[in-house]
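Here the structure comes first, spelled out in structure tokens, and everything after it is commentary.
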Amino acid sequence: MLPSSTAHCRLAPPFPRRLLPSASEPLRRRPLILLRRSSSYPDRRRLLVRAIDAAQPYDLEASLALRHLRSNSLKIAVIGFGNFAQFLAKTFVAHGHDVLAHSMQSDRSSAAAYLGVQYFPDPNDLFEQHPDVVLLSTSILSTPQVLSVLPLHRLRRSTLFVDVLSVKEFPKHLMLKYLPREFDILCTHPMFGPESGKDSWVGLNFMYDKVRLWEEDERIERCEKFLNIFSAEGCRMVEMSCADHDKYAAGSQFITHTVGRVLEKFGLEESPIGTKGYEKLIDLVENTKGDSFELYYGLFLYNKNAMEQLERLDLAFESVKKALFGRLHEIYREQLLEDAGDGIRRTMHRAEQNRRREVAQKLLHNGGQTPPNLSSETKAW
Ligand code: NAP
């Protein structure tokens, strides 16, 4: 029987208001009720209430919450526990999932312990834990080698494989090649990283493609539970094919990384009179320089659209330079030809116009045909 001192205790609501805290609000320990021996009654134990609403085994609220969390939690095994995987694991843990990890080259055990992740130096031991989800977060370049040596036979036949590589056609084909056909495959790309997503994931894009998902309620539900981590954090969920992803990413993410790296080499310095635009350039360098060169090289090598975008960027840079220098030349030429006849001047002017039109065609249409409705600005070239 509880002593009367507990009579004023507030009754906890029958069910917790929110079971899943956000990434920025990790699971907190709840206050404790302490049993203390009272000095005035040495032979009798008295319950001193130090805090209310404590989680006790007989507490209905606590056991319901625990059961709910457990029923929703996934056992997620991460392969490649580097920078990005650690960033993701923090949120997985905060959502109540069991996170296990393995890295092939480095010992990541202390990072894992810090994040509440169970670390396995041997992938055989990891896979014998029979995770629901195996998440590949290896570098793009090492993924074929990693996939070829994983002890897949130790996993359950119904395992869901997910990858987070920054290119998508490449890991899709690798997984289809190496994984048994009973495995589900989900290709994803969180379009953010430890720098851009450090405060919140709200509004950040999360791309996914359900490449192979067996028509079974449990498997479908498991895939939704995994995706729900990102949607619950406020990500903008974008379902699209891996091929479309690579097309869009080459024109946006690869170009962003390239410009960031060029500006890093250029060496942007803090300016006492910097503009907002300049601050954004400095931010861009900060955002991209944390990523390994290997990651950047992977974006180039394993996205067939990247080379074309790099050439377009090069052409665009050349054409901007030409536009500047062209003006200078014109003024200079006007002066030189002041005394020359009109005929010579007209011929030179026409040749220059033709040359510029060719550059504009290549730049705007990747070397294709110029459509009839060229903008007036381009026509004037
Ligand atoms: P990363 O350099 O692309 O990958 C690091 C991971 O790859 C480490 O775990 C490392 O293993 C493993 N690895 C590298 N070479 C290996 C090899 N030869 N054999 C076995 N494992 C090897 O850096 P990251 O930023 O952590 O990215 C991980 C993945 O997430 C990449 O595929 C990347 O495209 C993708 N991604 C990254 C971001 C981001 O913002 N960083 C955003 C979205 C997606 P060890 O742990 O043993 O060193």
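The values are calculated or read from the model by the stated rules, or taken from the named source; none is laboratory data. All of these numbers come straight from a predicted model, not from anything done at the bench. A quick note on method: Cβ atoms are made from the backbone with ideal geometry, for glycine too, and the neighbour counts reach across all protein chains shown. Each accessible area value is taken on the protein alone, full model and side chains, heavy atoms only, with ligands, DNA and RNA left out. Shrake-Rupley method; radii C 1.70, N 1.55, O 1.52, S 1.80 Å.
Remarks
- On a per residue basis, the stretch 183-328 carries 59 Å² of accessible surface, using protein heavy atoms and a 1.4 Å probe.
- Highest mean packing comes first when the peptides 281-293, 151-163, 82-94 are listed by Cβ atoms within 10 Å, giving 82-94, 151-163, 281-293.
- For the set 146, 320, solvent exposure ranked by accessible area (probe 1.4 Å, protein chains only) runs largest to smallest as 320, 146.
- The orientation-averaged projection of the convex hull spanning the C-alpha atoms of the stretch 112-241 amounts to 8.4 square nanometres.
- 11 Å beta-carbon shell around residue 119, net charge (K/R +1, D/E -1): -2
- Cross-link pairs 198/280; 265/322; 90/289; 168/198; 280/321; 198/304 - those with Cα-Cα distance over 26 Å: 198/304
- Charge sum, other residues only, whose C-beta stays under 14 Å from residue 221's C-beta, Lys/Arg counted +1 and Asp/Glu -1: -3
- Neighbour net charge for residue 189 - beta-carbon separation under 15 angstrom, K R +1, D E -1: -2
- Accessible area of residue 166 (1.4 Å probe, protein heavy atoms only, ligands and nucleic acids ignored): about 20 Å².
- Column: log10 I(q)/I(0), Debye, Cα scatterers of the stretch 153-221, q = 0.19 Å⁻¹: -0.81
- Projected area averaged over orientations for the stretch 67-144, convex hull of C-alpha atoms, nm²: 5.1
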